[in-house]
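The values are calculated or read from the model by the stated rules, or taken from the named source; none is laboratory data. Note that the structure is a prediction, hence the values are computed from the model and not measured. For neighbour counting, all protein chains shown are included, and Cβ atoms are generated from backbone atoms with ideal geometry for every residue, glycine included.
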Amino acid sequence: MVDIMEFSIAVVGAFISMCMFSTLYGKSNPLYSLAEESYVGFATGLVVVTACTYIYRVGFLGISAGDWILAVGIVLGLLTFSRIFPDYAYISRLPIGISVGAQLALSMRTSIFTGFAAHINAVIVNLFPADAKLMRDRWTIFLTIIPSLTFFLYTI
Amino acid sequence: MSVFFKRKDIQVTIVGISFLLVFIPYFFDIPVLGAFSVKLITIASLINAFTLALAVYALMRRALNTVRKKGRGWWWAVYMVACLFLMMLFGVIGETQAPWHWVMFAIINPLSSVNYTILAFYVSSACARAFRARSIHAFLLLATGFIVLLYQAPLTGAVFPGISPVALYFTDTFAMSFSRTTTMGLTVASIVLGVRMLLGREVQFLGFPREK
Amino acid sequence: MTSAREQGGGILKFLATIDRRIVYFVLFVLVVGPLISPIGMPISVAPDTVQYHNAIAQLGPDDVVLLHLGTEFSGWNELSAGAMASAKMVVEREAKLVIIVGHPEATGIPPLVYEGLKGVMEAKGYKYREDTLNLGYMFPNEPAVAAAAADFHGLVRTDYLGNSIEGTFLNKVKTAADWALIIDINTGIWNQALINHWRLPFGTKIVAHIIGVMVSGAKANVDAGLYEGSLGSLRGGAELEYMIKAPGPGLQAMDAFTLAHYSLLIFIVLGNIGYFGYTRPARVKERTAVK
């Protein structure tokens, strides 16, 4: 039984891969459409199932373990489905606002250090070390960083 | 009650409060606030997971529109929706069971791989046709790219070790510098966008029309 | 006077206007050929790979290591060699290995990892729940990554199979500071989140195995002290396999890798020959006189 399973995986996988490769020839064809629509359908189903599993493992298991505040997350998450109904779509603003506010904070409280300060620190180094190769590299970086930063300055 | 959701200033205030509840405990050690902040972050992760599940609705809507209008290739939309529901059924049966395993390795794995592999073909043909030394700048780009590509082939470094210092000089200085400045530029841009969202200047994410 | 274009062009015209399907076909043959019949070309090892190797080599028994699979199946094909070699190094040093997934497609990868580590795990007497765990898809978004860093058991209560993680070696892990190392197998999914929420506030060490386009960004992070080391693409994986003397799919693919790169370079050269020999002279320049 297992051999048939692995054999069918190999055969179907090879066939559908070749269907996808057929796009390289340049003309659209039914085999490519078969591969494309299969991937979109199954991959979306995969995303939905894994998202639901995550909600169960974090939300429902958390609530059953005594973390009652996570029920707020479940309720707010269900409110996002109000987007499906145009007359009530405005209700989804609350969960989206809370989620976006939290994510903005997560991003802004650290990215100034990891995306900015840490890299500036790495550039401000001794430009006259003993090793000639190191000096060449550091001067190259120093002389490259300044013109490329001015590029961003004048194009924002 | 609906006024609460429909007023822009109230919704922007909620965004701001949520922001502060996560931002402040990072810099000030307030134990109660810190613990609540972690729970709020977990709640935000749950809300985001629900929006992933909304993907079903988006796909269904597009597919039903195509089928209703009997657009070109409408039967493929039916097939795609069937695949979607089949995968969800296999998920209910169990992610460790045979049907799920079969779809993962017979369909999703090969197609995901080919999607990425096709890029290699496209990039190769684009390189072959677009890399022309039309000017001095293009020649410099071509020469540098040529040396780095030559180094990337493992055999070159093994038989001609002299190329390693040259290629590493290009990647460890020029490429890294530009990558660094791009990171810094993106960081500044994301912070600016974040501040605009908190001040209510960017409100489209809440479903309000753009500020004029 | 007739221009070169009107005259035909011959071989130079062919080189300048080469059909992309010829490029695809040649590339296909040069990649598949060595995979079917390996040649066994030598490789060199880059300094970055040595640094990455040394970062993992410092692990000891009872260190808890997080293997983060922030990749789809597509990226796994490029990163599997380095990922398996890294995981092998962890098991050989008897450190605890925890697998966590950051993309839905990657939920199918942990069984492949365990299959590849079967031999070395049996040799070291590894048991599931005592020495290794698969936590499944627990990083769907950045808040999840941040929550796991601050309060691990507040987010993760069960493993992929639904069994509680209470009573396992993860009992001693409370926050990101309790992890010895993160091996981030990444195509751009939550790599910045790990730096922002694990590395910066808690000092958790991270080594990253990334795809080719992310190499220069990862070098900048290594230079800034945010990463302990970085391993680039399939070539980096092959170099790591070579260093730990565990030949695998990475080394097998290097012949194809080399030939594909050389073919690309040859096409670029031929294209430029066609450009200078045919396209450039064929441009008819018109002078306009303005008085």
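Just name the residue that is nearest to the other protein chains (Cβ to nearest Cβ) out of those in region B:133-154 that are under 24 Å from C:Ala218 (Cβ atoms) and of a type in the set (A, V, I, L, M, F, W, C). It would help to see each step written out before you state the result.
First, pick out the residues of region B:133-154 that are under 24 Å from C:Ala218 (Cβ atoms): B:141, B:144-154.
The next check asks that each one be of a type in the set (A, V, I, L, M, F, W, C); those that pass are B:141, B:146-150, B:153.
Working: B:Leu141: 11, B:Phe146: 6, B:Ile147: 10, B:Val148: 10, B:Leu149: 6, B:Leu150: 6, B:Ala153: 4 Å.
Among residues in region B:133-154 that are under 24 Å from C:Ala218 (Cβ atoms) and of a type in the set (A, V, I, L, M, F, W, C), the one nearest to the other protein chains (Cβ to nearest Cβ) is B:Ala153.
Taking the condition more than 7 Å from chain A (Cβ to nearest Cβ) and at pLDDT 90 or above, does B:Arg196 pass?
Working: more than 7 Å from chain A (Cβ to nearest Cβ): yes; at pLDDT 90 or above: yes.
Yes; evaluated as a whole, the condition is true for this residue.
Please determine, by comparing only the residues of region A:100-140 that are without any contact (Cβ under 8 Å) to a residue 12 or more places away in the chain and of a type in the set (Lys, Arg), which one is nearest to the other protein chains (Cβ to nearest Cβ). Steps first, answer last, please.
Initially, region A:100-140 is screened for residues without any contact (Cβ under 8 Å) to a residue 12 or more places away in the chain, giving A:100-122, A:124, A:128-137, A:140.
Remaining after also requiring of a type in the set (Lys, Arg): A:109, A:133, A:136.
Numbers: A:Arg109: 5, A:Lys133: 8, A:Arg136: 8 Å.
Among residues in region A:100-140 that are without any contact (Cβ under 8 Å) to a residue 12 or more places away in the chain and of a type in the set (Lys, Arg), the one nearest to the other protein chains (Cβ to nearest Cβ) is A:Arg109.
Pick out the one residue from C:Leu133, C:Leu170, C:Leu181, C:Leu200 that is closer than 19 Å to A:Ser111 by Cβ and either at pLDDT 95 or above or surrounded by fewer than 23 Cβ atoms within 10 Å (Cβ to Cβ) (or both).
Numbers: C:Leu133 fails: closer than 19 Å to A:Ser111 by Cβ; C:Leu170 fails: closer than 19 Å to A:Ser111 by Cβ; C:Leu181 fails: closer than 19 Å to A:Ser111 by Cβ.
None of the other options fit; the residue is C:Leu200.
Mind listing just one residue for me: the one in region B:23-39 that is loosely packed, with under 14 Cβ neighbours inside 10 Å and more than 9 Å from every other protein chain (Cβ to nearest Cβ) and, of those, nearest to B:Leu198 (Cα to Cα)?
Restricting to residues being loosely packed, with under 14 Cβ neighbours inside 10 Å and more than 9 Å from every other protein chain (Cβ to nearest Cβ), the top hit is B:Phe28.
Select from region C:192-233 the residues that are assigned to a strand (DSSP E or B) and in contact with a Lys or Arg (Cβ under 7 Å, 6 or more places away or on another chain) and write down the one among them that is farthest from C:Ala177 (Cα to Cα).
C:Ser230
Please specify each residue of region B:143-195 satisfying the condition of being hydrophobic (A, V, I, L, M, F, W, C) and not in a helix (DSSP H, G or I). Let's see the steps before the verdict.
First, the residues of region B:143-195 that are hydrophobic (A, V, I, L, M, F, W, C): B:143, B:146-150, B:153, B:155, B:158-160, B:163, B:166-168, B:170, B:174-176, B:178, B:184, B:186, B:188-189, B:191-193, B:195.
Hits for region B:143-195 are B:Ala153, B:Phe160.
Do we have any residue at all in region B:79-88 that's more than 30 Å from A:Cys52 (Cα to Cα) and surrounded by fewer than 17 Cβ atoms within 10 Å (Cβ to Cβ)?
Keep residues of region B:79-88 that are more than 30 Å from A:Cys52 (Cα to Cα), which gives none.
No; the residues of region B:79-88 include none that is more than 30 Å from A:Cys52 (Cα to Cα) and surrounded by fewer than 17 Cβ atoms within 10 Å (Cβ to Cβ).
So, C:Glu72, is that one under 27 Å from B:Val166 (Cα atoms) and in contact (Cβ under 8 Å) with a residue 60 or more places away in the chain or not?
On the way: under 27 Å from B:Val166 (Cα atoms): no; in contact (Cβ under 8 Å) with a residue 60 or more places away in the chain: yes.
In short, no.
Which one is nearest to the other protein chains (Cβ to nearest Cβ), of the residues in region A:15-34 that are among the small types (Gly, Ala, Ser) and farther than 10 Å from B:Val114 by Cα?
Taking region A:15-34 first, the residues among the small types (Gly, Ala, Ser) are A:17, A:22, A:26, A:28, A:33.
Keeping just the survivors that are farther than 10 Å from B:Val114 by Cα gives A:22, A:26, A:28, A:33.
Details: A:Ser22: 10, A:Gly26: 7, A:Ser28: 10, A:Ser33: 5 Å.
Per the criteria, the residue is A:Ser33.
Could you tell me which residue of region A:78-95 is surrounded by the fewest Cβ atoms within 10 Å (Cβ to Cβ), considering only residues that are β-branched (Val, Ile, Thr) and closer than 22 Å to B:Glu202 by Cα?
A:Ile91
Being out of contact with any strand residue (DSSP E or B) (no Cβ under 6 Å at 6 or more places or on another chain), under 25 Å from A:Gly62 (Cα atoms) and not β-branched (Val, Ile, Thr) is the requirement here; does C:Glu94 meet it? Break it down into steps so the answer makes sense when it comes.
On the way: out of contact with any strand residue (DSSP E or B) (no Cβ under 6 Å at 6 or more places or on another chain): yes; under 25 Å from A:Gly62 (Cα atoms): no; not β-branched (Val, Ile, Thr): yes.
No, not satisfied.
I'd like to check which helices (runs of 4 or more DSSP H) are fully inside region B:1-79 and have at least 3 residues that are in contact (Cβ under 8 Å) with a residue 60 or more places away in the chain.
Details: elements: B:2-6, B:8-27, B:31-53, B:55-68.
Fully inside region B:1-79 and qualifying: B:8-27.
Just checking, does region C:81-97 include any residue being touching a helix residue (DSSP H, G or I) at 6+ places or on another chain (Cβ under 9 Å), part of a strand (DSSP E or B) and surrounded by 14 or more Cβ atoms within 10 Å (Cβ to Cβ)?
Yes.
Being closer than 18 Å to C:Ser164 by Cα, more than 7 Å from chain B (Cβ to nearest Cβ) and either among the polar types (S, T, N, Q) or without any contact (Cβ under 8 Å) to a residue 12 or more places away in the chain (or both) is the filter here; which residues of region A:54-77 pass it?
A:Tyr56, A:Arg57, A:Leu61, A:Gly62, A:Ile63, A:Ser64, A:Ala65, A:Gly66, A:Asp67
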